1. Please compute the contact order of the chain in relative form: average sequence separation of alpha-carbon pairs under 8 Å and at least six residues apart, divided by the residue count, as a percent.
2. Summarise the accessible area of the range 208-301 (1.4 Å probe, protein heavy atoms) by the percent that is carbon and sulfur.
3. Taking only DSSP H segments of four or more residues, each worth -39500 (n - 2.57), what value at 222 nm results for the chain once the sum is divided by all its residues, to the nearest 500 deg cm²/dmol?
4. For the range 113-256, what is the convex hull (Cα atoms) projected area averaged across all directions, in square nanometres?
5. Give me the percent of accessible area attributable to carbon and sulfur for the range 116-179, probe 1.4 angstrom.
6. Highest GNM mean-square fluctuation, the chain, Cα pairs closer than 10 Å: which of 233, 119, 82?
7. If you look at just the Cα atoms of the chain, how large are its Rg and its Dmax in Å?
8. Subtracting the Cα-Cα distance from 0.36 nm times the residue separation, let me have the gained length for residue 37 to residue 104 in nm, one decimal.
Amino acid sequence: MFKNLTVYRIGPDWAASAAEIEAVLDKERFVACGATQQKSSGWVEPRGEAHAPLVEVVDGHMLLKLMTEQRVVPGSVVKRRTEEIAEQMEKNTGRKPGKKIMKELKEQALLELLPMAFTKQAVTRVWIAPKQRLLMLDCGSQSKADEVVTMLINANQGLALSLIQTEMSPAVAMTHWLGSGEPPYQFTIDRECELKSTDEMKSVVRYARHDLDTDEVKQHIVSGKVPTRVAMTWRDRVSFILTESMQLKKVAFLDVVFEGPMAAAGKMDKGEAFDADAAIATGELIELIPDLLEALGGEQVIGLGSTPLASDAPVPPARTESAPPPRELHPAGDHAPPWDV
């Protein structure tokens, strides 16, 4: 259900019910692209069933789904058609079109080609955890996440969202974990990572299916390369890649998570299977997130004298089994400044 995860803190002044969100999203339902429309976005039923709710509630968690459709016209095709129109204009007028005219001809060529273009669709899942005041997006890029956040804020009056900020940056934490060979409590380091140099060369080293607890990897860190992606597993239940911007990518649930549900999977209908998938995904990830925040020094408290650790600040040692349990997420109000639409 979730392949990527970008985590936002919901501001303290918004507490809409599922019915209220449903009413708002109903005004922005997905409509397919028109003949000359290049892109269209709107909300669809998370279950994939016509006339089902736009907001599904499973175990107190709200699930939404945004559909985006684009007409795909290759740039080379637009260029060729623009040149054809320009050539014909030059024959008719005896003058070669200037830059301003060429720009207009390019727009004309695109409008001519759009009705013949194929369309492609993509969905973005949105997960709201009201109790924890968190909102998660299944986005592979920050630009797409920004687009979805803007749509949500514009549609929901009073909604403020801010990216979760931690006391220790993921890059600093990952540098410590790889350099010391000591993963944080509840996590293991897997066999994939990416390291980038901070100098003008911007050299990159990538490891895949490779042991990372080696002198070679540590030497890269000593020489100044910074981890930007590290593969991890949480409690032998969920694997993912942590990025320098604290996005979770390639989220995968391991077999142990499905041992109970899989036994009854053959007896479930489509609706029951959706509920089971949603319950498993949200149930596992809502426990993973606070553990990850704890591994990164806790959520940053803005305005109360708390500041992020500098890149050369001492890093807390790895937790041990005797350490106290991970702390709860900070209550609503301890969050980064609201999203600026």
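The values are calculated or read from the model by the stated rules, or taken from the named source; none is laboratory data. Bear in mind that the values here come from a model prediction, so they are computed numbers and not experimental data. Every residue, glycine among them, receives a Cβ derived from its backbone with ideal geometry; neighbour counts consider all protein chains shown. Remember, those area values only see protein heavy atoms, side chains included, never the ligands or the DNA or RNA. Shrake-Rupley method; radii C 1.70, N 1.55, O 1.52, S 1.80 Å.
1. Once divided by the residue count of the chain, the mean separation gives 21 percent.
2. 51
3. For the chain, the value works out to -10000 deg cm²/dmol.
4. So the Cα hull casts an average projection of 13.6 nm².
5. 55
6. The residue with the greatest mean-square fluctuation here is 82.
7. Rg and Dmax of the chain, Cα atoms, are 24.2, 85 Å.
8. Using 0.36 nm per residue and subtracting the Cα-Cα distance, I get 22.4 nm.
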